[in-house]
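Read the structure below first, then the notes.
Nothing in this text is a laboratory measurement; each read-out follows from the coordinates by a stated rule. This structure is a prediction, so every number in the text was calculated from the model and none was measured. Using ideal geometry, Cβ is built from the backbone for each residue, glycine included, and neighbour counts are taken over all protein chains shown.
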Amino acid sequence: MERSNPIAYMQEPEFADNLMAPLAALNVGDPAELGVGRANYRTADPVMLAGLKAAMMADSTDDQFRAFLNILQPDESLAVMMSDARGHADTWGTIARSYILLTEDRSLPVAMQGRLIAEADALTPCNPYDVHTLATSHVGFLLKPAEVAGILDQLTV
């Protein structure tokens with residue numbers, strides 16, 4: 001059954017293999033007070049950094065991972081994570097869409113990616129996702145620009 005937002009999906013069995021849950025200590029402040037979810041990606045804790053790298057970019061070097069962390073913003077909109085984000089067949093469902101399934105993703109497990117694709121395809125059976133596969137982590141696609149460009153170059157409009 002289709003859930004309304006990312007937080008709801010995080011409670012589902014397909015999300016169980018994600019490596020982000022043990023990193024809750026990276027969260028700082030009270031989201032209700034701040035109006036955002038805030039994470040300390042600049043932590044010096046080697047255990048937390050290793051866990052974050054395993055979850056997000058395990059296929060990078062430590063230097064590449066630290067460079068990636070430098071582009072992250074600490075705040076994430078609560079509206080993005082908690083608002084109703086379901087697609088509608090008569091609007092979103094009319095747009096051609098592609099999905100690059102990341103086979104080594106430990107933030108959004110492959111099982112959850114598959115579920116999201118299946119739910120979208122069930123909503124719009126005449127307009128299924130054009131699915132491509134890339135053997136990389138959650139943000140490891142940054143390390144494979146030629147492969148990503150090759151996939152994007154194949155897409156039809």
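The ALA118 and ASP63 beta-carbon pair, evaluated with R₀ = 35 Å, returns a calculated FRET efficiency of approximately 0.40.
At q = 0.12, 0.23 Å⁻¹, what is the log10 ratio I(q)/I(0) for segment 6-82, with the Debye formula run over Cα points and no solvent? The calculated log intensity ratios at q = 0.12, 0.23 Å⁻¹ are -0.37, -1.23.
For segment 92-154, count all C-alpha to C-alpha pairs, find those more than 18 Å apart, and express that count as a whole percent of the total. Tail of P(r) above 18 Å: 40 percent of Cα pairs.
Between CYS126, THR103, ILE151, whose Cα lies farthest towards the positive end of the dipole of segment 92-154 when Lys and Arg beta carbons carry +1 and Asp and Glu beta carbons carry -1, centred on the Cα centre? Result: THR103. The order of the peptides 17-30, 98-111, 81-94 by mean Cβ neighbours within 10 Å, most packed first, is 98-111, 17-30, 81-94. By the Kirkwood approach, averaging reciprocal distances over each pair of separate Cα atoms, segment 13-139 gets a hydrodynamic radius of 16.5 Å.
Per-residue extension of 0.36 nm, minus the Cα-Cα distance of ILE100 and HIS132, leaves a gain of 11.0 nm for this segment. Distance from the C-alpha centroid of segment 16-45 to that of segment 122-157: 28 Å, rounded to the whole angstrom. Solvent-free Debye calculation, one equal scatterer per alpha-carbon of segment 41-96: log10 I(q)/I(0) at 0.21, 0.23 Å⁻¹ equals -0.82, -0.88.
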